Amino acid sequence: MNYITLKGIVENKSIEKKCSRLIMGTAHFYQFNDEERAFTIMDEYVRAGGNMFDSAHQYINSEVVLGEWAESRGIRKDIYILTKGAHPDDGEPGPRVNQAAITKDIMESLERLRTNYIDFYALHRDDPSVEVGPIIEVLNEHIAAGRIHAIGASNWSHTRIQKANDYAAKHGLIGFTFNSPNLSLAQCNRPRWPGCVSVNEEISNWHKGTQLPLLSWSSQAGGFFSGRFTPENRENEEMVQVYYSEENWERFIRAEKLAEEKGASAIEIALAFVLNQPYPTAAIIGPEKVEELLSSIKGSEIHLTAKEMDYLNLIETKIGGAK
């Protein structure tokens, strides 16, 4: 297992947390028939060296399951939890990127997770009509209280993140220390869910310049590279709308070719693409079987050269052979 160093604040002191670059996602746990299946996946993940978990106040029952598992294993001090709040579709009408909703979600997440602190807390969505100042201020209040150790954004534009961090720097406050948008080899035709942000060239260049760590969700593009999908198979409407394109099928073909050379699979190459960026990255994964977890671990260990990265992303040669 490979690791990434993320920063936090505990008792007014800056600390570093060595987090696994494969982050165990929990959003899919509601699909399991029983908690033991989720417990088994998490046990295997930890056994393999994983130590970071992604959840959200908005995910159905996932914080509860994660909290019960961590408590039953007595493992809370050995793991890192990333959870999110202030999602607009979370039981309350209207926008929720405000001080009251943020505080409500944090307190409820702490209770569900059976813990008194959250290692990494991200705002699940943005509301550009809200000034960044009050948002940064309330998050800093929770940092000062020890409830959260680090703050970040999920599905915020890079310009809003920069604006928030500029505000924090100007006022002697703590800004966002990580970003969690979608980054995958397959480019989205449209947001997978309303309000979501996917990395494009501009965002990637911003991360390259700032070196702000990026924790990617849907890092394997919903299984686009798994072999379960083909251009002719259009049964999954969401996949068709989000990922089916001439360019993405070319990326799939190239991932298969590179996988053959490296003794891997196309989906492992796709994961390697996320983890070989010129800035710090980690990938949120959602394995439903131990075999899928092991495949992700293998993919995380694949090194890709800059030339191979460009080849996969269609930078070196455009489709049709045009330079």
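The values are calculated or read from the model by the stated rules, or taken from the named source; none is laboratory data. Bear in mind the structure is a predicted one, so any value in this text is a computation, not a measurement. FYI the Cβ positions are ideal-geometry reconstructions off the backbone, even for glycines, and counts take in every protein chain you see. Remember, those area values only see protein heavy atoms, side chains included, never the ligands or the DNA or RNA. Shrake-Rupley method; radii C 1.70, N 1.55, O 1.52, S 1.80 Å.
Residues in the range 184-223 that are among the hydroxyl-bearing types (Ser, Thr, Tyr) and open to solvent by 30 Å² or more (accessible area, probe 1.4 Å) were compared, and the one that is farthest from residue 289 (Cα to Cα) is 210. Taken over the range 144-162, the criterion of being over 25 Å from residue 110 (Cβ atoms) and out of contact with any Ser or Thr (no Cβ under 9 Å at 6 or more places or on another chain) is satisfied by 157, 159, 160. Contact map, the range 25-41: residues that are farther than 15 Å from residue 222 by Cα paired with residues that are open to solvent by 90 Å² or more (accessible area, probe 1.4 Å), Cβ distance under 7 Å, separation 6+ or inter-chain. Pairs shown: 30/60.
Of the set (1) open to solvent by less than 30 Å² (accessible area, probe 1.4 Å); (2) modelled with pLDDT under 95, all apply to residue 289 but (1). When we screen 128, 88 for residues that are out of contact with any Asp or Glu (no Cβ under 8 Å at 6 or more places or on another chain), open to solvent by 40 Å² or more (accessible area, probe 1.4 Å) and on the phi < 0 side of the Ramachandran plot, the only hit is 128. Would a scan of the range 260-273 turn up a residue that is open to solvent by 20 Å² or more (accessible area, probe 1.4 Å), hydrophobic (A, V, I, L, M, F, W, C) and touching a residue at least 40 places away in the same chain (Cβ under 8 Å)? So far as the range 260-273 goes, yes, one or more of its residues are open to solvent by 20 Å² or more (accessible area, probe 1.4 Å), hydrophobic (A, V, I, L, M, F, W, C) and touching a residue at least 40 places away in the same chain (Cβ under 8 Å). When residue 268 is tested against (1) on the phi < 0 side of the Ramachandran plot; (2) out of contact with any Lys or Arg (no Cβ under 7 Å at 6 or more places or on another chain), exactly one condition is not met: (2). Against the criterion of being at pLDDT 95 or above and surrounded by 15 or more Cβ atoms within 10 Å (Cβ to Cβ), residue 35 does not qualify.
Set side by side, the residues 177, 159, 83 differ, and just one is free of Cβ contacts under 8 Å to residues at least 24 places away in the same chain and either open to solvent by less than 10 Å² (accessible area, probe 1.4 Å) or under 30 Å from residue 271 (Cβ atoms) (or both), which is 159.
Of all residues in the range 312-323, those that are open to solvent by 60 Å² or more (accessible area, probe 1.4 Å) and either acidic (Asp, Glu) or modelled with pLDDT of 95 or more (or both) total 1. Of all residues in the range 281-304, those satisfying the criterion of being within 18 Å of residue 261 (Cα to Cα) and among the aliphatic types (A, V, I, L, M) are 302, 304.
Scanning the range 137-182 for residues that are touching a Leu at 6+ places or on another chain (Cβ under 6 Å) and more than 15 Å from residue 118 (Cα to Cα) gives 179, 180. When the range 59-80 is filtered for residues that are part of a helix (DSSP H, G or I), open to solvent by 70 Å² or more (accessible area, probe 1.4 Å) and closer than 21 Å to residue 105 by Cα, only 71 remains. Can you tell me which of (1) at pLDDT 95 or above; (2) open to solvent by 20 Å² or more (accessible area, probe 1.4 Å) is the one residue 30 doesn't meet? For residue 30, the exception is condition (1).
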